């Protein structure tokens, strides 16, 4: 008789989509925005009650999201005071692009591409 090997169980990591760039990442790597009864606010704990949407911690994603995709994801219109608060939060974020977006695909070295 052969002894059964114990398999290590892989822990489930929740995935969420950034509403700015539509990239799927682990939930902990994103910032949650929540629609409560009458407000739209940043949820630093990720546990506040209400409909939520997720964004990267980069200005480029926030700019795209605040143009309309965030309001669509939250199924609401964002009031002026909430929009100002979100823009203040956005101002404190880094300005660089995601490292994942800057990676070159195999075989697409930009120095070797010919200009048309």
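The values are calculated or read from the model by the stated rules, or taken from the named source; none is laboratory data. Everything numeric in this text was worked out from a predicted model, so none of it was measured. Backbone-built Cβ (ideal geometry, glycine too); neighbour counts: all protein chains shown.
Data overview
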quantity: Hits in the stretch 20-39 (condition: under 15 Å from residue 89 (Cβ atoms), in contact with a strand residue (DSSP E or B) (Cβ under 7 Å, 6 or more places away or on another chain) and not in a strand (DSSP E or B)); calculated: 20, 30
quantity: Test: residue 32 is at pLDDT 95 or above, within 25 Å of residue 85 (Cβ to Cβ) and either within 8 Å of the chain's Cα centre (by Cα) or surrounded by 10 or more Cβ atoms within 10 Å (Cβ to Cβ) (or both); calculated: yes
quantity: Residues (touching a residue at least 40 places away in the same chain (Cβ under 8 Å) and more than 22 Å from residue 26 (Cα to Cα)) located in the stretch 45-75; calculated: 75
quantity: Subset tally (residues that are in a helix (DSSP H, G or I) and more than 12 Å from residue 19 (Cβ to Cβ)) for the stretch 64-83; calculated: 4
quantity: The listed residue being touching a helix residue (DSSP H, G or I) at 6+ places or on another chain (Cβ under 9 Å) and free of Cβ contacts under 8 Å to residues at least 24 places away in the same chain, out of 78, 13, 31; calculated: 13
quantity: Residue in the stretch 40-62 that is surrounded by the most Cβ atoms within 10 Å (Cβ to Cβ), counting only those that are out of contact with any helix residue (DSSP H, G or I) (no Cβ under 6 Å at 6 or more places or on another chain) and assigned to a strand (DSSP E or B); calculated: 54
